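Asks: Here you go, one structure.
Nothing in this text is a laboratory measurement; each read-out follows from the coordinates by a stated rule. Note that this is a predicted model, so its numbers are computed, not measured. No Cβ is skipped: glycine too gets one built from the backbone with ideal geometry, and neighbour counts run over all protein chains shown.
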Amino acid sequence: MNKWITTHKKSVLAGTGVLVILAVLLGIFYYQKNNTSAQETMDIGDSANQAAEIDAWGEVKYTHMEDISIDFLSVVTDILVKEGERVTLGQPLVTLDLSEYNGNVEKLNQQLTAGQAALPAAKQGITALQADIKQLQEQIARKTQEYNSGTNVDLKLLQSSLNLARKQLATAKSDLKQHQLKYNNDTNADLKLLQNSLDLANKELKTAKNDLYEFQSLYDAGAISKDELDQYTNALDQRQKAVKDIKYNLEKTKTALKDEIDMYEDALDQRQKAVNDIQDNIQKTKTALKDELDQLNVSLKSKQVQLTQVKHGNTANITKQQSGIGATQVDLDSLTAKTAKEYIKGNQIVSNIKNGIVLNIMVSDASHLGAQGMPTQVLQIIDGDSLTVSAEVDEEFISNVEVGETVKIVPISVPDVSLTGTVTQIPSLAVEKDGKRVIRVLVKPDDPDNLLKPGYTADVYFKK
């Protein structure tokens, strides 16, 4: 036997190896079969669970939000939170500079104190009013005399100026007329002399042209030399220059005379303007005197009315004083009430919500608030305890959903966490989305760890 084994050793080893391989293959096959069966069992279980639930997409919303506004003068000095930040009750949100507000409060307090202190002295005497009335009557009498007779100092001075200006105007008119005559060629000696010189120069020019024409013919015929012809050419040039110079001097003289006339016309305009201005000033002065008289009469009447009121008693003054005190007190109470709010603590805006989320910050550092007493929106805080999930349930499944039932909520942001919630409302209204009709069922979540946040999404599972 041993000899046989030794002889067939290689065959025995080969057979043993085949047996081992077959055993391994059988083990793998058996494991895969069992594993496949287990997986199929799990898939069947999941399908069963899904078939027993309605899976709806949901969005986290809120039902309560606080608008925080400031309706008194203040300036933002520091913003202590950011949008989306969670805040607690009493947590500081914004720091304000209340210097102007405190100044207004102090001012009203001072007015109130002053008004109360002045109340005993509200009763007035009539001596001062009587003295004012007497003085006004004297002023009215004097001003009326001055206005009617023209004896007012300003009017007298203006009238003297008007008389002088009219004399100067007459002189300016005479001067202009005299110089206008000089511009006439028939009367101005310089213009006459230049015109006569121009006439003579034109005649000499004509003669020079004729002479040049004749001697040009002689030169062309060879009867005279070039030098002789040049003499006549030069003579013509001199005559032309003489005519040109005389014309220039004639125009220059006319221009000078015209400028002189313009100067006298300007002087006349100035004199006329001076007369007109003085006349306007006289009228304005008279109007001012009349207005002053009217104002004095108004003042006199006002003083007389005041005197009558005082004589009838000082009750009105006391009532007025008390009314002023009351109005100041109302203003003060109104102003102090603006800071007596649960979200204002000292010079800070604080959260008035236990579990809040900052939504919108509508101011920045150095923003001025409460201009002209109008409210300025500062920020909004969402009440975190009012968060709800709006789950979109297909129309075909809505009959399976009931108010008060408990549902499972799986936040998309934390898919390994499952929360519970309670259906609080099933709207009697459907909306269209992606070609389907869905009903947005409201679910109140039980979320002690604040995993759900406004705008986040979640899967909501309802029982079928």
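Asks: Charges at C-beta only: +1 for Lys and Arg, -1 for Asp and Glu. How large is the resulting dipole of the chain about its Cα centre, in Debye rounded to 20?
Replies: For this selection, approximately 1380 debye.
Asks: Kindly flag which residue pairs out of LYS173/LYS284; LYS345/LYS444; LYS177/LYS244; LYS123/LYS320; LYS203/LYS254; LYS107/LYS338 have an alpha-carbon separation exceeding 21 Å in this structure.
Replies: LYS173/LYS284; LYS345/LYS444; LYS177/LYS244; LYS203/LYS254
Asks: Continuing with this model, one more query. Nothing charged except the Cβ atoms of Lys and Arg (+1) and of Asp and Glu (-1): what's the magnitude of the dipole of region 131-312 about its Cα centre? Round to the nearest 20 debye.
Replies: I would put it at about 1500 debye.
Asks: Compute the distance in nm between two label points, each set 7 Å from the Cα along the Cα-to-Cβ direction, one at ALA288 and one at ASP385.
Replies: Result: 7.6 nm between the two label points.
Asks: Order by neighbour count: ARG437, ARG166, fewest other Cβ atoms within 10 Å first, most last. Numbers along the way, then the final one.
Replies: Values: ARG437 12, ARG166 15.
With the fewest neighbours first, ARG437, ARG166 line up as ARG437, ARG166.
Asks: Further, regarding this structure: Per the Debye formula with a single identical scatterer at each Cα and no solvent contribution, what log10 I(q)/I(0) holds for region 131-312 at q = 0.13 Å⁻¹?
Replies: For the requested q values the scattering log ratios are -0.86.
Asks: A follow-up question, please. Binned at 10 Å from 0, what are the whole-percent values of the Cα-Cα distance distribution for region 106-175, short to long?
Replies: The percentages, shortest bin first, are 15, 18, 16, 15, 14, 11, 7, 3.
Asks: So between SER334 and SER174, what do we pick up on full extension, going 0.36 nm a residue minus the alpha carbon distance?
Replies: 49.7 nm
Asks: Can you figure out the FRET efficiency of THR255 with ARG142, using R₀ = 41 Å and their beta-carbon distance, to the nearest 0.05?
Replies: On the way: r = 59 Å, r/R0 = 1.44.
My answer for the efficiency is 0.10.
Asks: Binning at 20 angstrom from zero up to the longest distance, how are the C-alpha pair distances of the chain distributed in percent?
Replies: 12, 16, 15, 15, 16, 13, 8, 4, 1
Asks: Now for a separate question. Using +1 at the C-beta of Lys and Arg and -1 at the C-beta of Asp and Glu, which of ALA223, GLN304, GLN377 has the Cα lying farthest in the positive direction of the dipole of the chain?
Replies: Farthest towards the positive end: GLN304.
Asks: Next question. Of GLN159, LEU205, ALA242, which is farthest along the charge dipole of region 131-312 in the positive direction, counting Lys and Arg as +1 and Asp and Glu as -1 at C-beta?
Replies: The one lying farthest along the dipole's positive direction is GLN159.
Asks: Given the rule -39500 (n - 2.57) for each run of at least 4 DSSP H residues, summed and divided by the residues of the chain, what is its mean residue ellipticity at 222 nm, to the nearest 500 deg cm²/dmol?
Replies: -21000 deg cm²/dmol
Asks: Quick one: if the Förster radius is 51 Å, what FRET efficiency do MET263 and ASP211 give, using the C-beta to C-beta distance and rounding to 0.05?
Replies: 0.65
Asks: Right, something else. Remind me, relative contact order of the chain in percent, using alpha carbon pairs under 8 angstrom and six or more residues apart?
Replies: Relative contact order, the chain: 33 percent.
Asks: Looking at region 419-464 from every direction and averaging, what is the projected area of its Cα convex hull in nm²?
Replies: Computed as one quarter of the Cα hull surface, the answer is 4.2 nm².
Asks: How far is helix 99-118 tilted, in degrees, relative to the longest principal axis of the Cα atoms in the chain, given as a value from 0 to 90 rounded to the nearest 10?
Replies: With rounding to tens, the tilt is 70 degrees.
Asks: How far apart, in nm, are two points set 7 Å out from the Cα along the Cα-to-Cβ line at LYS436 and at LYS273?
Replies: The modelled label-to-label distance comes out at 9.1 nm.
Asks: Taking a virtual spin label 7 Å from the Cα of ASN163 along the C-beta vector, which residues in region 112-154 bring their backbone nitrogen under 16 Å of it?
Replies: Backbone N within reach: 150-154.
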